[in-house]
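The values are calculated or read from the model by the stated rules, or taken from the named source; none is laboratory data. These numbers come from a predicted model, not from an experiment. No Cβ is skipped: glycine too gets one built from the backbone with ideal geometry, and neighbour counts run over all protein chains shown. Heavy atoms of the whole protein, side chains included, go into the accessibility calculation; ligands, DNA and RNA do not. Shrake-Rupley method; radii C 1.70, N 1.55, O 1.52, S 1.80 Å.
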Amino acid sequence: MIKLPHDHGGNTKKIMATKPDEEKFLEMADMFSLISDATRLKILWLLCHSEECVINIAAAVEMSSPAASHHLRVLKQSGIIKSRREGKEIYYTLADNEDARMVHKLVDNAFGVEHE
C-alpha cells in the first residue's frame with residue numbers, strides 16, 4: 001500500500017490500493033489522444049451511427065479523400081473502427097469491441113446523445 005506524506009482522513013489510500021497498472025493508464029492515454037483530434041472525432045461521431053465509404057466520410061468532414069484515409073488508417077490501426085470491401089469501395093464503421101463501445105459512449109455523451 002502507498003504511504004502518503006499527510007493523512008487528511010480521506011480515502012486516498014483505499015483508492016490507490018485499487019489503482020490500475022501503468023499499462024492501463026498508457027492504453028487509456030493512447031485512446032484519448034486518438035479522439036483529441038477534431039477530425040478524427042468528427043469521423044468517429046459519424047461512424048458511431050453509420051457505415052460509410054471513404055468518399056462520403058471525406059465529404060462529411062469536408063476534407064480530401066487522402067486526408068480522410070489517413071485518419072481512417074490511424075483509427076483502424078487502433079482497433080476502434082473496422083472496414084469491409086464491397087467491389088472497389090471500402091466501408092468503415094465502429095468496431096465491435098470494448099474500446100470502440102467506450103469511445104461510442106464518450107462521443108455520444110460529449111454531444112448529448114442518449115446512450116443505452
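Brief remarks follow.
- CD proxy at 222 nm, helix term only [per DSSP H run n ≥ 4: -39500 (n - 2.57); per residue of the chain; nearest 500]: -16500 deg cm²/dmol
- Rounded tilt (10° steps) of 38-47 against the dominant C-alpha axis of the chain: 70 degrees
- Under-5 Å amide H pairs with CYS53, H placed in peptide plane, nonlocal only: TYR92
- Charge tally in the Cβ shell below 9 Å around VAL74, where Lys, Arg are +1 and Asp, Glu are -1, VAL74 excluded: +2
- Amide H contacts of ILE81: LYS76, ALA95, each under 5 Å away and 5 or more positions distant or on a separate chain (H built 1.01 Å from N in the peptide plane; Pro and chain starts excluded).
- FRET E, pair MET16, ARG84, Förster distance 41 Å, beta-carbon r, rounded to 0.05: 0.40
- Label-reachable residues, region 69-112, where backbone N falls under 20 Å from a point 7 Å from PHE32's Cα toward its Cβ: 75, 78-80, 98-112
- Once the trypsin sites (Lys or Arg not before Pro) in DSSP loops with at most 11 neighbouring Cβ atoms within 10 Å are cut out of the chain, the longest remaining piece is 4-87.
- Residues of the chain: accessible area per residue with a 1.4 Å probe, Å²: 70 Å²
- Of the solvent-accessible surface of region 15-102, computed with a 1.4 Å probe and all protein chains present, 54% belongs to carbon and sulfur.
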